[in-house]
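The structure under discussion appears below in the form of structure tokens.
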Amino acid sequence: MDLVCQRMLNQGFLKVERYHNLCQKQVKAQLPRRESERRNHSLARHADILAAVETRLSLLNMTFMKYVDSNLCCFIPGKVIDEIYRVLRYVNSTRAPQRAHEVLQELRDISSMAMEYFDEKIVPILKRKMPGSDVSGRLIGTAPVPGPSAALTTMQLFSKQNPSRQEVTKLQQQVKANGTGLTALKREISELRIKVQEQQKQLQDQDQKLLEQTQIIGEQNARLAELERKLREVMESTVGNSSGSGSNEQSPRKRRKAVESTDCPRKSKRLRNRK
């Protein structure tokens, strides 16, 4: 029964990897080749979620599959497989999914807890069962884990004539502590890389929004300039019409004055003739 369950878990992880690869190929086939056009595409969030799932699968593969291939254990966290399937089905069935960090929150939490527990509690036991390992659990021929106790290696300890059990136990504890610290450090580095990628994606989205806002502001400025030009033309035309009407009103007055000036000499001649 245990062997059947182990086989199902191992096959489940391999199947979810293949299913993810199929989903990623389908999305990439529909995306444009240019990076600038991909940001505004309707499948941009689908691609981001699938890329984050790919990173999480890589971390799980590095953590578990080394011991699974050696037949020392199976892929233990079956709930992680179920959560990956849920995310992939959500991506395939939703046209406008949420952001990647919202969709993958549960997957990151349970996968991180599974990897931490596996490294801290199960890996030390499995290392002792691995063929070609010494009493400390380290593979023969591999370099010791760097750390404060790197100077005190297993070979140096066994070079003594009568090593005590206490010294061997102390060395095993030191190697175990160094290995656990190194594994935790690698996991933190991987998680930091994922966070940096997410931050870069958010910055790209912000830059794209800023560019769109700049374009909208430019269009608004052009419309305002056009409206100001039309308003200026209307004002100039109204001023021209008012000046033309004023000149037309003054022209009859000038004519009257000209007629009166011409009539004045005639009147003066008539007065002289009467005298």
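If the condition is being in contact with a Leu (Cβ under 7 Å, 6 or more places away or on another chain), over 20 Å from GLU54 (Cα atoms) and surrounded by 14 or more Cβ atoms within 10 Å (Cβ to Cβ), then the stretch 89-129 contributes only LEU126.
Whenever a residue of the stretch 104-133 is without any contact (Cβ under 8 Å) to a residue 12 or more places away in the chain, its partners that are crowded, with 16+ Cβ neighbours inside 10 Å and assigned to a helix (DSSP H, G or I), lying with C-beta atoms within less than 7 angstrom and at least six residues away or across chains, give the pairs SER133/LYS127.
Within the option set GLU54, GLU17, being in a helix (DSSP H, G or I), closer than 24 Å to GLN202 by Cα and of a type outside the set (Ser, Thr, Tyr) holds for one residue only, GLU54.
Residue-by-condition table, conditions (1) at pLDDT 85 or above; (2) part of a helix (DSSP H, G or I); (3) out of contact with any helix residue (DSSP H, G or I) (no Cβ under 8 Å at 6 or more places or on another chain); (4) open to solvent by less than 100 Å² (accessible area, probe 1.4 Å):
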| site | (1), (2), (3), (4) |
| --- | --- |
| LEU182 | no, yes, yes, yes |
| LYS186 | no, yes, yes, no |
| SER190 | no, yes, no, yes |
| GLN202 | no, yes, yes, yes |
| MET235 | yes, yes, yes, no |
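Being of a type in the set (Ser, Thr, Tyr) and modelled with pLDDT of 90 or more is a property that SER111 has.
Against the criterion of being open to solvent by 80 Å² or more (accessible area, probe 1.4 Å), more than 30 Å from LYS127 (Cα to Cα) and hydrophobic (A, V, I, L, M, F, W, C), LEU224 qualifies.
If you go through the stretch 67-85 one residue at a time, do you hit one that is more than 30 Å from PRO124 (Cβ to Cβ) and either more than 27 Å from the chain's Cα centre (by Cα) or among the hydroxyl-bearing types (Ser, Thr, Tyr) (or both)? Yes, the conditions are met somewhere in the stretch 67-85.
The values are calculated or read from the model by the stated rules, or taken from the named source; none is laboratory data. Every value quoted in this text rests on a predicted model; they were computed, and no experiment measured them. Every residue, glycine among them, receives a Cβ derived from its backbone with ideal geometry; neighbour counts consider all protein chains shown. When the accessible area is computed, the model is the full protein with side chains, heavy atoms only, and any ligands, DNA or RNA have been set aside. Shrake-Rupley method; radii C 1.70, N 1.55, O 1.52, S 1.80 Å.
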